[in-house]
Amino acid sequence: MTEAAQFPDRARSDDEFLWLEEIQSGRALEWVAAQNERSTAHLPAPALAGTSRAVLEVLDSTGRIPTVTRHGEFLYNFWKDAQHPRGLWRRTTLESYRKPEPDWDVLIDVDDLGSREGTEWVFGGAELLFPKNDRALVRLSPDGGDAVTVREFDLASKSFVANGFNVPVAKTTVSWIDIDAIFVATDFGPDSLTTSSYPRQARQWRRGEPLESAELIFEVPVDHMGVWAHHQHTVGFERDILIDRIDFWRARAYLLQDGARVWIGGPDDAEVDLHREWLLVSLRSVWNVGEETYPAGSLLAARVDDFLAGQRHLDLLFTPDAHTSLVAWSWTRGHLLLTTLHDVASRVEVLSPGEAGWSRRDLGTIQPNHSANVAGVDADENDDYWLTVDGFLQPAALQLGTVGEDTLETLKTAPSFFNESALSVEQHFATSKDGTAVPYFQIGPVDLARDGKAPTMLWGYGGFEIAEVPAYDGAIGKTWLEGGGVMVVANIRGGGEYGPAWHQAALRENRPRAYEDFAAIAGDLIARNVTSSTHLGCTGRSNGGLLVGNMLTHYPELFGAIVCGVPLLDMRRYTKLSAGASWIAEYGDPDDPADWAFIQTFSPYHNVRKNIDYPPVLFYTATSDDRVGPVQARKMAARMQELGIPDVYLYENREGGHAGSADNSQTAHMHAMGFEFLRKHLA
């Protein structure tokens with residue numbers, strides 16, 4: 001049988017649902033409104049409302065840890081709750097933060113700002129001016145998307161600066177140089193954006209001059225992903241850094257010195273980081289330097305000046321093995337904090353440079369099935385660090401420590417939202433199609449009956465070298481686990497659980513390895529009698545939406561229901577939609593016939609067929625998503641419905657961007673829809 005006969009939709013040159021790509025057209029929005037009404041009506045109203053309230057109680061809880069960053073004498077936090085759904089940008093002192101109820105100085109009330117200006121702003125963060133921290137460049141999105149306006153804010157008067165730096169809504173990045181100049185990369189008009197929809201021009205903008213007159217300092221080719229410019233303000237080590245991001249996995253970093261660009265060097269697919277006199281190089285592929293060979297996944301260090309002068313004396317700070325990978329690092333003033341995973345179990349080390357080389361010691365013991373997040377408090381000023389530890393059944397605890405001191409001060413502990421003592425966590429390994437052992441975590445009742453009847457929610461992502469680690473989720477615990485459900489977190493290839501090799505094993509033509517891994521975990525859960533296909537559901541979002549979209553089209557027999565969020569699904573046109581071209585390095589280029597030959601095999605939109613018994617599916621997305629875009633979920637739902645496939649539902653929120661929601665109430669509603677959809681079809 002020919003491929004065209006086996007998969008008739010793949011041979012189609014037309015697309016009858018292109019009209020749904022007109023995101024804001026009246027016809028498309030009318031269709032979306034009807035889909036929303038139908039999807040909401042499908043779920044029992046009392047159950048949906050009750051679950052939404054339960055999730056919202058978690059999201060709005062005043063007992064949550066207010067995560068902070070330190071700048072000078074103040075700790076800064078962004079906070080949402082029932083009284084402030086759009087949030088407060090605020091600050092306090094460390095002394096006050098130690099109190100159960102800190103005294104917060106509110107800088108921006110986003111709800112009040114939106115009411116006064118007639119725009120439902122979504123806060124996107126702020127960059128403070130070093131060293132006084134008296135000005136900020138504040139990012140505000142009108143709909144929760146990646147496109148933001150950037151406005152200069154005076155912290156003393158708590159007001160935006162009249163005739164200050166103000167950038168119209170676009171996918172913008174900025175960086176303070178000094179009080180009268182910033183770096184800005186934005187939409188400067190025709191030919192100023194890449195095919196990935198990001199800026200290709202970085203300019204130096206001086207106070208008082210029109211934005212369009214800002215001095216061009218760097219322009220990258222239109223087919224590169226984008227350009228970034230950043231001023232590093234560390235006293236004595238001030239640097240201007242320019243990044244030409246060639247694609248998602250390759251970039252070249254330059255120093256701007258006396259108007260000239262100086263390439264830092266190293267492999268294009270490595271990540272480089274500069275801190276004071278040190279350069280770090282994190283490798284994604286093997287690097288041969290002289291007679292030395294450094295494996296992918298290694299972390300190397302060199303002195304910046306020596307490296308720029310051509311010397312290649314490199315200190316090997318981390319070497320991966322078959323079970324261990326580096327997932328993050330952070331600097332204090334004089335030390336380097338490393339977070340590694342060993343079979344998805346966290347370990348934190350402190351590395352210290354000295355005359356005899358780098359020394360190392362463990363920062364502390366992290367319990368099994370827990371994860372750690374460590375970060376320097378202020379790498380310009382001190383050797384303090386934040387350490388946050390949580391687990392599937394352990395609410396987060398935030399501690400403050402200082403490198404060289406043995407004591408840790410517990411500053412905040414998150415509340416418990418469900419009965420953790422009635423639950424247990426297990427780690428298992430499934431055997432994938434090619435024999436690879438793939439880990440996953442199973443969270444469920446201590447006394448789980450192995451009768452194959454437990455409603456089970458299988459979550460996965462499997463892309464972009466992102467590791468899925470243990471984390472406490474009060475909403476899932478309260479609404480799913482306490483009701484007798486089982487939650488499973490998959491650590492499939494494509495992710496970062498075992499470093500670059502684990503990720504690259506599912507790149508481009510090897511993408512199906514991620515789907516085979518996920519299907520193997522589903523099969524293992526069934527074989528172990530935890531659940532059965534009737535009671536097993538899966539969920540994922542973004543790249544995880546593509547994952548579960550392939551479960552739908554290639555493994556429908558394994559699942560009783562699927563929830564697919566803000567997904568990639570039409571892999572023929574994904575590069576033409578929103579920021580899709582930036583992911584060619586991950587998936588391949590559908591305009592290249594050689595690439596399309598393998599991409600079409602994992603394009604759910606092109607693999608839906610008639611006369612297949614598909615499980616019920618709920619797609620959710622947001623009109624304002626300018627990263628993946630809403631059209632992929634729209635078109636997939638429309639095509640399946642046209643083919644007469646039953647139980648196909650779509651819900652599209654208007655705002656929220658790629659997050660899918662702009663405030664806690666919208667987030668609660670979206671989560672509740674997913675939980676109740678699975679509960680209805682898996683019970």
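A short reminder: the numbers here are calculations on the coordinates, not readings from a lab. Keep in mind that this is a model prediction, so the values were computed, not measured. Because the Cβ atoms are built from the backbone with ideal geometry, glycine has one as well, and the counts that use them run over all protein chains shown.
Computed from the C-beta positions of S61 and R361, the FRET efficiency with R₀ = 56 Å rounds to 0.95. Among the listed pairs K453/K635; K80/K412; K171/K478; K433/K680, which are separated by more than 29 Å between their Cα atoms? Where the Cα-Cα span goes over 29 Å, the pairs concerned are K453/K635; K171/K478; K433/K680. Building the convex hull from the alpha-carbon atoms of the range 324-414 and averaging its projection over directions returns 6.1 nm². One decimal place: the segment T119-K433 gains 107.9 nm when fully extended, by the rule 0.36 nm per residue minus the C-alpha distance. Entry note, the chain: the mean residue ellipticity at 222 nm calculated from DSSP H runs of n ≥ 4, each adding -39500 (n - 2.57), is -5500 deg cm²/dmol after division by the residues and rounding to the nearest 500. At full extension, E73 and Q232 could sit 55.3 nm farther apart than now, given 0.36 nm per residue minus the alpha carbon distance. Considering all C-alpha pairs of the range 145-226, those separated by over 21 Å amount to 28%.
The convex hull built on the alpha-carbon positions of the range 442-488 has an orientation-averaged projected area of 3.8 nm². Label zone of S424 (point 7 Å out along Cα→Cβ, amide N under 19 Å): in the range 521-545 this covers 524-532.
Measuring nothing but alpha carbons in the chain and taking Rh as the Kirkwood radius, the Rg to Rh ratio lands at 0.95. If only the Cβ of Lys and Arg carry +1 and only the Cβ of Asp and Glu carry -1, the dipole of the range 324-414 around its Cα centre is close to 300 debye. Across all directions, the shadow cast by the convex hull of the range 574-683 built on its C-alpha atoms averages 8.0 square nanometres.
With a cut-off of 13 Å between beta carbons, the residues surrounding T324 carry a summed charge of -3, where Lys and Arg count +1 and Asp and Glu -1. Given +1 at the Cβ of Lys and Arg, -1 at the Cβ of Asp and Glu and no other charges, the dipole of the chain around its Cα centre is 1320 debye to the nearest 20. Here the residues D595, D406, ranked from fewest to most Cβ neighbours within 10 Å of their Cβ, fall in the order D406, D595. Tally Lys/Arg at +1 and Asp/Glu at -1 over every other residue whose Cβ is under 13 Å from the Cβ of D473; what's the total? With Lys, Arg at +1 and Asp, Glu at -1, the net is -2.
Pop the C-beta distance of R261 and D223 into the FRET formula with R0 = 22 Å and round what comes out to the nearest 0.05. Efficiency computed from Cβ-Cβ geometry: 0.65.
Distance between the C-alpha centres of the range 403-454 and the range 89-145: 35 Å, rounded to the whole angstrom. Taking Lys and Arg as +1 and Asp and Glu as -1, the other residues whose beta-carbon sits under 13 Å from that of T51 total +1. Among V350, V566, a tally of other beta-carbon atoms within 10 Å of each Cβ gives an order, fewest to most, of V350, V566. Per-residue Karplus couplings for the range 211-216, computed as 6.51 cos²θ - 1.76 cosθ + 1.60 with θ equal to phi - 60°, are listed in order as 4, 5, 9, 4, 6, 6 Hz, Gly and Pro entered as x. Between the amide H of L75 and those of T92, T93, L94, distances stay under 5 Å, these residues lying 5 or more places away or on another chain, with hydrogens modeled in the peptide plane.
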